[in-house]
Structure formats: structure tokens, C-alpha cells
1. All but one of (1) within 19 Å of the chain's Cα centre (by Cα); (2) crowded, with 22+ Cβ neighbours inside 10 Å; (3) over 20 Å from LEU66 (Cα atoms) hold for LEU207; state the number of the condition that does not hold.
2. Could you list all residues from region 175-228 that are farther than 30 Å from GLY59 by Cα, among the hydrophobic types (A, V, I, L, M, F, W, C) and either touching a Ser or Thr at 6+ places or on another chain (Cβ under 6 Å) or not in a loop (DSSP other than H, G, I, E, B) (or both)?
3. Name the single residue that is surrounded by the fewest Cβ atoms within 10 Å (Cβ to Cβ) among those in region 45-61 being within 16 Å of ligand 2 (Cβ to nearest atom) and under 23 Å from PRO281 (Cβ atoms).
4. Contact list please: Cβ distance under 7 Å, first residue in region 253-264 and touching a residue at least 24 places away in the same chain (Cβ under 8 Å) and over 21 Å from LYS48 (Cβ atoms), second residue of a type in the set (Lys, Arg) and within 13 Å of ligand 1 (Cβ to nearest atom), pairs at least six apart or on different chains.
5. Using the structure shown, decide if THR239 is away from ligand 1 (no atom under 16 Å from the Cβ), of a type outside the set (Gly, Ala, Ser) and either under 23 Å from LEU178 (Cα atoms) or modelled with pLDDT of 90 or more (or both).
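The values are calculated or read from the model by the stated rules, or taken from the named source; none is laboratory data. Computed from a predicted model, the values in this text were never measured in an experiment. Quick reminder, even Gly has a Cβ in these numbers, built from the backbone with ideal geometry, and neighbours come from all protein chains shown.
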Amino acid sequence: MADHKQKKDVSPKNTQKPTKTPLLDIEGLHVSYGPIRALKGVGLTVAKGDIVAILGANGAGKTTLLKKISGLIPADAGTIRFKGEDITKAPPERITKKGVIQSPEGRRLFGDLTVLENLMIGAFTIEKHTMKVQEIVESAKSRRIQKLIRKALETQRDVEEDDIEITLNAKEMIRQNLYKVYRIFPVLQERKDQVAATLSGGEQQMLAIGRALMRTPELLILDEPSLGLAPLIVKEIFTVIEALNKQGITVLIVEQNALQTLKIADYGYVLQLGEIVQQGPASKLIKDETLIEAYLGK
Ligand SMILES: Nc1ncnc2c1ncn2[C@@H]1O[C@H](COP(=O)(O)OP(=O)(O)OP(=O)(O)O)[C@@H](O)[C@H]1O
Ligand SMILES: [Mg+2]
């Protein structure tokens, strides 16, 4: 947490100092959609081991920021570094490979596939622990999934098929990840053969996070995980996020649910119309009633 205070003068050249390197470091980020300037010089840092919250009203640019971090949209200007390495222009598959894994807004599940199939699709796009394409495709049971995996690999890969190394441990890794996900969300194991579309909203959110966990994140990025969920489920999701963080996963979370998010976060940023207008330790922001009321609601 102290890193946030120290980081201001950290230039790319001295980030490898023995002091804690920020895991993610963004400077002067500008992103626009045609004439719409969605991000106007955003800078932020996520220290390793922290939960960092980005708060802000509708249209503030939160999803845009996350999409840019994941390499899904281009930037007009600015720099994004992950572990000191410039990833500003890296394609999404390379960013994922480095362990920056996003659970997107709106969950984006395959509604007509089962819970297990959705989780496996998460695993199959792991590139840190890749198998040969053929092996992956053959190990999938149904034709439908084989097709989806092929498609996922085609669109997310930046290497030739032959370049993909067989990692003997890949299957074991997937098995272990699945076991971990089931331990965190037992309901997913109970419902592993149920199609995703028929899950409750809360279960779908758990599946979306579970799918991200199948990719062994070092930085887990969550876009409004509490959206549309009942208070009790929200509480459960936040407890899980906290537990994952304690297991060593750094978390960057976007939320409109300011109070609850700040309760689990170490540090927070407030984004308003594409600019960071306030930042500080979560324990301080949470006491700022004006801020909570003005930008965030309850
Ligand atoms: N694909 C797009 N094309 C044009 N404008 C876009 C596009 N995506 C987002 N925008 C605009 O960029 C701005 C920021 O949008 P963004 O989705 O990042 O906001 P947000 O903070 O995630 O909002 P919400 O809380 O509603 O999810 C908005 O004004 C939005 O209309
Ligand atoms: Mg959004």
C-alpha cells in the first residue's frame, strides 16, 4: 500500500529496484471513440497484492479503461506497464498470457453451454500452459465445444500452430484450477452440467469469475461484478474477491457499489468524465461523505 505514495517518480528505468514494483502502472492514458474522448490523461498504479477500486458514475470511462488495459482497444496516447514492461500496444492474447485476466462487464458467458464447458473454455485459452491445438481440440468432448475452442484459439493466438509448445503439465494445471474454482464456488460443481443461461444472476457472476480463475490470473480485473445482484449475493461475491486477494491475486475492480468496494479495497480512484478526480487509501475515501454522495451513491 505504501507503494502508492512512493511511486510517483518511478521511471521505467528504475522500476527493477528492490523496492516493490507496481504491478500495473498507467500514465497519461487517452482513449477516444471517434470524436468522443472517453479517457483524458488517466494515470494510476496497482501495487502487487492490493485490491484497487475504480469508482465512478455511468459513462465515466471505467469499462473503457479496463478494455484498454486488456488490449481490446487502442490508445491515442499514454503508457501502460505491467511489471515494468510496456504493454500499451500489446495484443490481448499477449496481455492475457502475462496473467492479466479480465472478467468482463455483463459476464459474457456462453449461455447454451454448461457450467463445466464454460470453465473449460476459460482454461483452453490459457496460453501460459498451452497444449498443442490438436490435443486441446481432441480433449474436448463435443463437436460444438471443439469448434468454439478452435475459434477461441484462432482469434486469440498470435503464434503459428507449430509454435505452440506442449506443456506436459497443462492438463494437470487445468484439473487443479478446476478443483480450486469448485472449492471457491461449490455451487458451480453442483451445477456443472446445467447450461449457463439458466443459472441465477449470482451464479452467473460466480461462473464468470471462475472462468477468469481458470486462466491463473496474477492481476484479476473485474468490471462491475455486483451489477444487478441481490445484497446477500453481492456480499458473497465481495467475500470471495477478498479471499482470492489473500491467496495472492492482485485485484483491479470497477464498481458503482462504492461503499462495499471500498470496504475490501486498499486503494481507490474516482473516475469522472474520463479523468481521475480523486484518489487515496480506501480507508480515507470511505469516510469522505461528500464524495460518496456526489459521485457514487450507495
Ligand atoms: N464503442 C463505443 N463507441 C462510442 N462511444 C463509446 C463506446 N464505448 C463507450 N463509449 C462512450 O465512452 C464513454 C465511457 O464509456 P464506458 O463504457 O467506459 O463508461 P463506464 O464508466 O464503464 O460506464 P457504466 O458505469 O455505465 O458501465 C461513454 O460516454 C460512452 O458512451
Ligand atoms: Mg462500464
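1. (3)
2. Within region 175-228, LEU178, VAL181, ILE184, VAL187, LEU188, VAL195 qualify.
3. ALA57
4. So the pair list comes out empty.
5. Answer is yes for this residue.
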